[in-house]
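Q: Pasting a structure below so you can have a look.
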């Protein structure tokens, strides 16, 4: 009787690599499966060389195959030769990682993240943008990359994603790999595994800023972000009305938790006011006035920017040419000012404290 690779992979999904709270198959640690009769061999690639967890994982892998396939199976587990594949350090050349979060959907978070990234790029910075909104990716539409498919290159035995480049920045989204017409019906571990690949299995090169468009609310994706990468800081976005402010407070509460403790760079108030093109000096406060300012004062963080609501934001986003690309206009100016404020906050934060370390949060 000979076994199949699918049988081996399904058996190994029972083996959990606890530092990353996921199984070794989802984490892409299992490579080069070879089957000859009852002999099964494969390579286990750990995140670091001489990983102390190998003493637990290797026996567990052998046991999983014998328990699930054949108790008489001969299982050979190999470790990669250090001379063959040098250890890859994801994001080692990314200076600052900035998350854009919101307590609720519909406040313009993705639009703000895309335009912030572009305004940062306009200063001469090298910028990347990750769409971490796994269940509702909108960055492909906003950046004019709806049908884009990134190229893949080989590094040793590993597939590495080459981010798309558009409007002068590097972009990756789960939307590049799934049918835009189909909803993603994924459990938490599948979604977090996909996010890890966008960070760890991509060639981001040298960046000054990597902007991360997080999903609305608080959940697995947010915890994965702070666990996997050294986040420089979070910008929380809200609109002025009380309903949005109430949810923004929850986002503040999450990132301020003792086990997470990621610096909050400040608050962004979107849809602050409406100014008709024919009345450039007139402001209509459609969703309330200065709600973001009051919340910023109450939480002790700066108000990074106030973004007006105009029809052209929607038009530019739908066309894949975000409004920050314009040289003139009140909205483009507002995003440019937001970028400058973020740059100053990042600079101050980096001078005052060391980079945020990854935090170890266990998923239940």
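Read-outs throughout are calculated quantities, based only on the coordinates presented, and are distinct from any laboratory measurement. This is a predicted model, so every value here is computed, not measured. Neighbour counts run over all protein chains shown; Cβ positions are idealised from the backbone, glycine included.
Q: Please report the antiparallel percentage of the DSSP beta bridges confined to segment 5-78, to the nearest 5.
A: Details: 7 of 12 bridges.
Roughly 60 percent of the beta bridges in segment 5-78 run antiparallel, per DSSP.
Q: Over the chain, calculate the relative contact order: mean separation of alpha carbon pairs under 8 Å at least 6 apart, over the residue count, as a percent. Show your work: numbers first, answer last.
A: Values: 681 pairs, mean separation 64.9, N = 364.
Relative contact order of the chain: 18 percent.
Q: OK, next. Applying 1/(1 + (r/R0)^6) with R0 = 22 Å to the Cβ-Cβ distance of residue 76 and residue 52, what FRET efficiency is obtained, to the nearest 0.05?
A: On the way: r = 21 Å, r/R0 = 0.97.
Computed FRET efficiency for residue 76 and residue 52: 0.55.
Q: What is the Cα radius of gyration of segment 213-325 over 2.2 N^0.38 Å, N being its residue count? It would help to have the intermediate numbers written out before the result.
A: Values: Rg = 15.7 Å, N = 113, 2.2 N^0.38 = 13.3 Å.
Its radius of gyration relative to the 2.2 N^0.38 Å reference: 1.19.
Q: Work out, step by step, the length gained on full extension between residue 203 and residue 162: first 0.36 nm times the residue separation, then minus their alpha carbon distance; give nm to one decimal. Don't skip to the answer; put the middle values down first.
A: Details: separation 41, 0.36 × 41 = 14.76 nm, distance 0.55 nm.
That works out to 14.2 nm of additional length.
Q: If you don't mind, there's one more thing I want to ask. If you rank 170, 158, 261 by fewest surrounding Cβ atoms within 10 Å, what's the result?
A: Working: 170 22, 158 15, 261 12.
In order of increasing Cβ crowding within 10 Å: 261, 158, 170.
Q: Here is a follow-up. Which whole-number percent gives the relative contact order of segment 1-155, counting Cα pairs below 8 Å spaced six or more residues apart?
A: Values: 138 pairs, mean separation 24.7, N = 155.
Worked out over segment 1-155, it gives 16 percent.
Q: As an exercise, use a Förster radius of 22 Å and the Cβ-Cβ distance of residue 337 and residue 315 to find the FRET efficiency, rounded to the nearest 0.05.
A: Numbers: r = 22 Å, r/R0 = 0.98.
Given R0 = 22 Å and the Cβ-Cβ separation, E is 0.55.
Q: Then there's this: Running a GNM on the chain with Cα contacts under 10 Å, which residue among 26, 256, 270 ends up with the highest mean-square fluctuation?
A: 256
Q: Taking a spot 7 Å from the Cα of residue 242 along the direction of its beta carbon, which residues of segment 291-328 have an amide N less than 19 Å from it?
A: Inside the label zone: 291-299.
Q: Could you work out the relative contact order of segment 1-59, using alpha carbon pairs under 8 angstrom and six or more residues apart, expressed as a whole percent?
A: The normalised contact order for segment 1-59 reaches 29 percent.
Q: Okay, moving on. Treat each spin label as a single point 7 Å out from the Cα along the C-beta direction, and report the residue 35 to residue 5 distance in nm.
A: About 1.0 nm separates the two model spin labels.
Q: Taking other Cβ within 10 Å of each residue's Cβ, how do 54, 119 sort, fewest first? Walk me through the numbers before you get to the answer.
A: Numbers: 54 17, 119 27.
Fewest-to-most ranking of 54, 119: 54, 119.
Q: Return 152, 313, 16 ranked ascending by Cβ neighbour count within 10 Å, so the fewest neighbours appear first. If you can, show how the numbers build up before the last one.
A: On the way: 152 10, 313 22, 16 16.
The order, fewest Cβ neighbours first, is 152, 16, 313.
Q: Using only helices, what value at 222 nm comes out for the chain when you add -39,500 (n - 2.57) per DSSP H run of length 4 or more and divide by the total residues, to the nearest 500 deg cm²/dmol? It would help to have the intermediate numbers written out before the result.
A: Values: 10 runs with 118 residues, N = 364.
So the calculated ellipticity at 222 nm is -10000 deg cm²/dmol.
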